[in-house]
Every structure is written in structure tokens, then in C-alpha cells.
Amino acid sequence: IGNTVWGMWPHGGGWLARHGWEHYAYGGDLAQLRRAWPLLRGASEFYLDWLVRDPSTGKLIAGPSSSPENSFILPDGSHADIGMGNTMDQEIIEDCWRCTLAAAEALGEQEDRIARRIRDALPSLARPTIGTDGRLMEWSKPWPEAEPGHRHMSHLFGLHPAALFTAEETPELVAAARKSLE
């Protein structure tokens, strides 16, 4: 219910699924991971079936997609809060898939049907982009901000709680996240 910017957000399952993996990663409880496996697998399967191909890039994108509690300005001057392939959604999906693949490895489920589909789809998943000002883009397009300096940093999910950006492997995304914070 309510406004689309917070009322239409199907990513709670993907975010919560990461907790099943984290519990195992920090404690090594394989029995607990086995209990979390259906949640990880199910959230990943949802995303596999929900994503669409971006006709301009061929990448897999989420949509409709929002960035919690934030909006942007369209060319006609109106405000919008729904797009396709917005950053936080893409990061939650990638993180969910990576946690699921790690769980599959730990559980000996590498040949599970969903794990195979994730491995096939992951290279086609749209990744975060960096704007001309050096910040991590919140939306998939460089829309003008309706509220510059907005207090929410949801598009930094890939930095934390996920670890999709690291100084060693993606220094450009870490620098863009820092620029967003600044």
C-alpha cells in the first residue's frame, strides 16, 4: 500500500536470504545452512524468473524498480520513483545469487538446477554504473535528482551489507561509493 517508492519493493526476500548465508559464513553451522538453503534457492529462483533483458544493452535488469524513498526528475519536469534496473535492486539480486552459489558449494549442491541457472545468468546481470560526476549511480539512467543530497544511501547495498565492491577487485566502484557518501 502507499506510494510506489516504498509500497512496491519485492526485494525483502533477497535481502533476508543473505542472513542464512552469513550465519553459516561466520559460524560454520552446516545444519543451519541446510535449513536456509530453500530460502536462498527460492529467492534466487524468483529473481531468475523476474528479470528481463534490457532491449538497449541485452543485460538482465529488475523492473519495475525503485530506490527506497527517493525520486528523480523526468525530461518533462515531473518526478518519478520507478524505473528499470535501479542500482539497489541489481545489487540485492547479485548478492542473493552469490550467496546462493556459495551455499550450493558448501552443501555439495553445485549441480542443482537453480545453481546452474544462476551461473548461466550472472554474467548477463547489469552491474552498477558510475555517473559523470564520479558517484555510484542510484538509477540505471543519469536522471537529475529530485532531492540532491538525499539522506538514503540504499544504492550502496553492494558495499554494505553485501561485499560486491572491494578495494582489490573493484576499486572504481569503491571510489564511486565514497564519492556518493561525500
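Computed over the stretch 4-126, the P(r) tail beyond 20 angstrom holds 46 percent of alpha carbon pairs. A straight line joining the Cα centroids of the stretch 1-78 and the stretch 82-109 runs 8 Å. 3J(HN,Hα) couplings calculated from phi for the stretch 144-155 with the Karplus curve 6.51 cos²θ - 1.76 cosθ + 1.60 (θ = phi - 60°) are, in sequence order, x, 7, 6, 9, x, x, 3, 6, 8, 10, 4, 6 Hz; Gly and Pro show x. Once the Cα atoms are used to define both axes, helix 12-27 deviates from the longest principal axis of the chain by about 50 degrees.
Near THR129, the amide H atoms lying under 5 Å from its own belong to MET137; only residues 5 or more places off or on other chains count, and H is placed 1.01 Å from N. Modelled spin-label separation between LYS141 and LEU74, with each label point placed 7 Å from Cα along the Cα-to-Cβ direction: 0.9 nm.
Taking 0.36 nm per residue of separation and subtracting the Cα-Cα distance, what length does fully extending SER124 through GLU169 add?
On the way: separation 45, 0.36 × 45 = 16.20 nm, distance 1.86 nm.
That pair, SER124 and GLU169, stretches by 14.3 nm at full extension.
Taking all protein chains as they are arranged and a probe of 1.4 Å, the heavy atoms of SER180 leave approximately 10 Å² accessible to solvent.
Can you list the GluC sites (Glu not before Pro) in the stretch 12-88 that are in a DSSP coil and have 15 or fewer other beta carbons within 10 angstrom? Could the numbers behind the result be given before it?
Details: sites: GLU22, GLU45, GLU69; in loops: GLU69.
Filter output for the stretch 12-88: GLU69.
Helix 171-181 and the longest principal axis of the Cα set of the chain meet at an angle near 50°. With respect to the chain, whose longest principal axis is taken over its alpha-carbon atoms, helix 87-107 is tilted by about 10°. Which FRET efficiency, nearest 0.05, do ARG53 and ALA31 yield, Cβ-Cβ r, R0 45 Å? Once rounded, the FRET efficiency stands at 0.70.
The values are calculated or read from the model by the stated rules, or taken from the named source; none is laboratory data. Every value quoted in this text rests on a predicted model; they were computed, and no experiment measured them. Methodologically, a virtual Cβ is constructed for each residue, glycine included, from the backbone with ideal geometry; neighbour enumeration extends over all protein chains shown. Areas reflect the complete protein model, heavy atoms only, side chains present, ligands, DNA and RNA absent. Shrake-Rupley method; radii C 1.70, N 1.55, O 1.52, S 1.80 Å.
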